[in-house]
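The values are calculated or read from the model by the stated rules, or taken from the named source; none is laboratory data. This is a predicted model, so every value here is computed, not measured. In this analysis, Cβ positions are derived from the backbone assuming ideal geometry, glycine residues included, and neighbour counts consider all displayed protein chains. Surface accessibility is based on the protein's heavy atoms, side chains included, excluding ligands, DNA and RNA. Shrake-Rupley method; radii C 1.70, N 1.55, O 1.52, S 1.80 Å.
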Amino acid sequence: MDFKEIEGKWQKIWDENKNLYKADDVGVDSHIDLGRIQGSARTKPKMYVLNEFPYPSGSGLHVGHAFSFTGGDIYARFKRMQGYNVLFPMGWDAFGLPTENYAIKMKRKPQEVTKENTDMFRSQMKKLAFSFDWSREVNTTDPDYYKWTQWIFIKLFEAGLAYKKEMPINWCPSCKTGLANEEVIDGKCERCHAEVSRRNISQWVVKITDYADRLVDGLKDTDFIDKVKTAQINWIGKSEGAKIKFEISSRDVINHVSTKYLEIFTTRPDTLYGATFMVISPEHDLSLELAKSNEEIKKYLIETRKKSEMERTDLNKDKIGVFSGLYAVNPVNNKEIPIWISDFVLASYGTGAIMSVPAHDDRDKEFAVKYNLPIINVYDDEKIINSPLWNGLNKNEAIKKAIEWIKSEGIGEGTNSYHLRDWIFSRQHYWGEPIPMIFCEECAKNHKLQNSNIKHQNEEEKKKYYGWFTVPEDQLPLVLPEVEAYEPTDDGLSPLSRIPEFVNCQCPNCGSDAKRETDTMPNWAGSDWYFLRYIDPFNKDKLIDFDLLKYWGPVDVYIGGDEHNTLHLLYSRFIYQFLYDQGLFPKGLPEPYKMRTSHGVILGPDNQRMSKSRGNVIVPESVADKHGVDVVRMYMMFMGPFEGTMSWNENTLMGVKRFLSKFNIALEYLDNEAKLSILALSTEDKYPEAIVLLNKTIAKVSKDIEEFGYNTAIASLMELLNELHKIRIDESVIPLNVGHRWLMVLSRDNIKKIVKMLAPFAPYTAEELWSYIYKKENHLEEIDSRYVSVHSESWPGVEEKYLIEENMTIPIAINGKVRDQLKLQTSLHGGQANFKHQNEIIEMAKQLPNIKKWLEGKTIVKEIYVEGKMVNLAVV
RNA sequence: GCCGCUGUGGUGAAAUUGGUAUACACGUAAGUUUUAGGAACUUAUGGAGCAAUCCGUGGGGGUUCAAGUCCCUCCAGCGGCACCA
């Protein structure tokens, strides 16, 4: 049989065997299904292995997916064989722009397109033999699913963590629509090439910043790889400093403004004496106010609006600013310093205003030099401060004193600033979850608000909530209605605004006519809690059952890409922590993911990121059609480390194919009575060295899979067959030119262990071989109902006694260069470090002829013996 | 710009985490076997040298008995950056 027949055959059998990869809820008391408890199932430890669910794009499963899922699949299969009750689910993150844009272009329903795409993805995944538990499939676009996404938003609103705010978006004046950053190319609209500008619109914002400290602290409870922890910590970007209010001077005022103070944030309040000017961002209230009456400022603001934040903070670019005409008073010395407006100061960080200390900040210095502003040093070369109030202190002491002083003067306080910003939750698009909010004009007029949690906040804050009410929970899900056209409206609103039946509703509070929110949620909304739904996918009454979460949580291993290490992972942890705080989750599970690792990236053969426009996309399915699924899976895992970046070039693919062909040859032998007789599938082991090799390999492969070292696990399987092949065997029973002696140097039971080790990597080949062995053992033509899949078998254990080396080779080095080797009996160097043995070994080493030669005429100054590893003699 | 990562043969990459650098695989060469569809098997394969030996993990410096691994510095490349997901 060729590989296609084998794949088709087993795919069908596995598909029909519904329990093969099914995660079992038997461990959960309230969900015991007596019919399903088998053997020791109840005592199995649980293992939740999670791959990030894909966005089901129209172009199908790409290599990146196949690579990542194969990695997860191997781990899940390995853990299943080790006796874990494994939950390895899959679903679809199906809301989003590409589908929407496709729908607009092709004039098709996104719902239909999504169905087609997910069907395609599912069948491709089944072909690639991913052992997902398909009975738990979820889809973020399913109303039964997004009911709970909406429910989470309501909880956020009720807790005072969701509010409306004017926020800038990219705006294409020609298409009259908001654009994603990705749709803006060099400041121009991707479609019509018109100049893109920033435009403020009122958007729902979620206060993730309330959880900033918690999100950092919680990392202590996780085993995320360091890279991920660092990414999260940097993204949150906590910096300690102070907010300081500067009085705006009344002298020499060119422009009159409504505020008297300018508040800034600085991490270096100790340098206050060196502050010689101030800079505010172009988006600052003060800038906007001044622009109304000052043409120069107005012009500057329009200019900067075109730039992205990245362009603005680019150190290499020329810093350009404009003088505001205002002065502020430096509180430490009452000096008047000018206030400038420049776009290197960002509105989104701190207060959008800084005090400039050109002597101790490169950006400030550059600006000062350009506009000829004074520079005052506050630190001397010894890093001792030179400021009347805090003379002679070092930096940390001075910062502490400065904050105390600011506080005592009543002009500010020590505070933290974060790089993390609140989460803009509104999208003016169709293909997303409708935000379940209702605005009532009548209630707004009467200052009615639903949210009691914000009552303590000031009037200004309160105003934002007047008239806003959540859709009553019993009306969820608020289903996305079908519309005629999917384009946003001319004024940038979501197409939902064109549907009167959707927009018009009754106020849940007073019953008068009200309007629904027409914005939809960002893609992250559905993906930040999906891992919970896999645990309890059909629950009608609750987001998730408490007991089921207690059993399955947290996710033991979460595999995903670096691109999700900040946003998705942070949003997801935030939502989980929030719901946890609401008492919705079992105590003692403060974090959703125990371990997070990131899969690598496969670049195209040209070393570039795969993309349609570059034309370097590899489709895993077509490679599988050519060489077989097992070859593709193994090749991807053998290419390099699972976390690494590597280019797709099929150099080593043939090596993997040759390796797997050795198993196919085994099939030939099993299928042929004459050949079978010489194998005999012996029940006895005649070659002790073969057993030693096998046990070492089992130890190595087990350890490697545990650490995602798939490339080296495969290498040691290859090495095993190579080494077994070299064992000299009784030539009389061997026909000439038998290429694959590994089958003859091991007993049947030990051959089975090799097949088991192959199973996670090459599920089809292993299963086919396993079934042949079963048939031969039981003298059957076909497998019968008693057959147990290799994927349900137990992982081979290591027999420790075979791991002990009888002979030891110790390299002997002179000055760190190996000059000879000392062969020892294991018993000599023993288990423990023993001084007598150490001396003995060094003495023996000195007697070696090659070593003697190197010692002639030299003096030994140091003798090193590292237990069981090496001897080094330092000579002069 | 900010943050993070990587640099080892002709190629993809190993290296027990400070202890014999180059496992495994590709490629190449020679040989065996008259061998259909990217065949199999054996041997060799970092560089220089007849050899003893010397030199070798992006460059330079350092710590150490011992450095691919740790520290400093420089160079090159890659990834992420909040409305793509």
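Just a few scattered comments:
- Trypsin sites (Lys or Arg not before Pro) restricted to the range A:575-605 and DSSP loop, no more than 10 other C-beta within 10 Å: A:Lys587
- Histogrammed with a bin width of 5 Å, the alpha carbon distances of the range A:519-568 distribute as 4, 16, 24, 22, 18, 12, 4, 0 percent, first bin at zero.
- Local electrostatic count at A:Tyr84 - Lys and Arg +1, Asp and Glu -1, tallied over other residues with Cβ under 11 Å: +3
- Placing +1 on the Cβ of every Lys and Arg and -1 on the Cβ of every Asp and Glu, with nothing else charged, gives the range A:596-639 a dipole about its Cα centre of roughly 220 debye.
- Chain A: antiparallel DSSP beta bridges as a percent of all, rounded to 5: 75 percent
- Rounded if a/c under 1.5, otherwise prolate or oblate - the range A:424-513, Cα gyration tensor axes: prolate
- Distance from the range A:752-790 to the range A:197-260 (C-alpha centre basis), Å: 59 Å
- The slack in the chain from A:Glu195 to A:Val861, taken as 0.36 nm per residue of separation less the alpha-carbon distance, amounts to 232.3 nm.
- Full-extension gain in nm, A:Lys109 to A:Lys612, via 0.36 nm per residue minus C-alpha separation: 178.7 nm
- Set of lysines with alpha-carbon distance to A:Lys127 below 23 Å, sequence-local pairs under 8 removed: A:Lys4, A:Lys9, A:Lys12, A:Lys18, A:Lys22, A:Lys79, A:Lys115, A:Lys626, A:Lys657, A:Lys662, A:Lys756
- With the simple spin-label model, which puts each label point 7 Å out from Cα in the Cβ direction, the A:Val875 to A:Met654 separation comes to 4.8 nm.
- Length added when fully stretched, A:Thr259-A:Lys686, from 0.36 nm per residue minus Cα-Cα: 144.4 nm
- Basic side chains Lys and Arg get +1 at the Cβ, acidic Asp and Glu get -1 at the Cβ, and with that the dipole of chain A about its Cα centre reaches some 1140 debye.
- Options A:Val357, A:Val378, A:Pro388, ranked by Cα towards positive dipole end of the range A:350-389, top entry (Cβ charges): A:Val357
- Accessible area per residue for chain A, computed on protein heavy atoms with a 1.4 Å probe, is 47 Å².
- Given charges at Cβ of Lys, Arg, Asp, Glu: chain A dipole, positive-most of A:Val63, A:Ala715, A:Thr114: A:Ala715
- Loop trypsin sites (Lys or Arg not before Pro), the range A:69-117 (other Cβ atoms within 10 Å of the site Cβ: 15 or fewer; DSSP): A:Lys107, A:Arg108
- 15 Å beta-carbon shell around A:Ile575, net charge (K/R +1, D/E -1): -3
- Two-site label geometry, A:Glu501 and A:Gln582: point separation in nm, points 7 Å out along Cα→Cβ: 3.0 nm
- Estimated D of the range A:105-222 in µm² per second, where Rh is the Kirkwood radius over Cα pairs and Stokes-Einstein applies at 10 °C, 1.306 mPa s: 84 µm²/s
- Paramagnetic reach from A:Asp15 (point 7 Å along Cα→Cβ, amide N under 14 Å) across the range A:76-119: A:119
- In the range A:347-494, a dipole from Cβ-located charges (positive for Lys and Arg, negative for Asp and Glu) runs towards its positive end, and of A:Met437, A:Gln475, A:Ile403 it is A:Ile403 whose Cα lies farthest in that direction.
- Using a simple spin-label model with pseudo-atoms 7 Å out from Cα toward Cβ, A:Asp513 and A:Ala715 lie 7.4 nm apart.
- Projected area, mean over directions - the range A:89-133, Cα convex hull, nm²: 3.3 nm²
- Efficiency of FRET from Cβ geometry, A:Asn807 and A:Asn722, R₀ 25 Å, rounded to 0.05: 0.75
- Orientation-averaged projection of chain A equals 49.3 nm² [convex hull of Cα atoms, one quarter of hull surface area].
- Here chain A exposes an accessible surface that is 49 percent carbon and sulfur, computed with a 1.4 Å probe and the other protein chains kept in place.
- Chymotrypsin sites (Phe, Trp or Tyr not before Pro) restricted to DSSP loop in the range A:59-146 with at most 13 other C-beta within 10 Å: none
- Computed magnitude of the charge dipole of the range A:372-439 (debye, nearest 20; Cβ of K, R +1, Cβ of D, E -1): 180 debye
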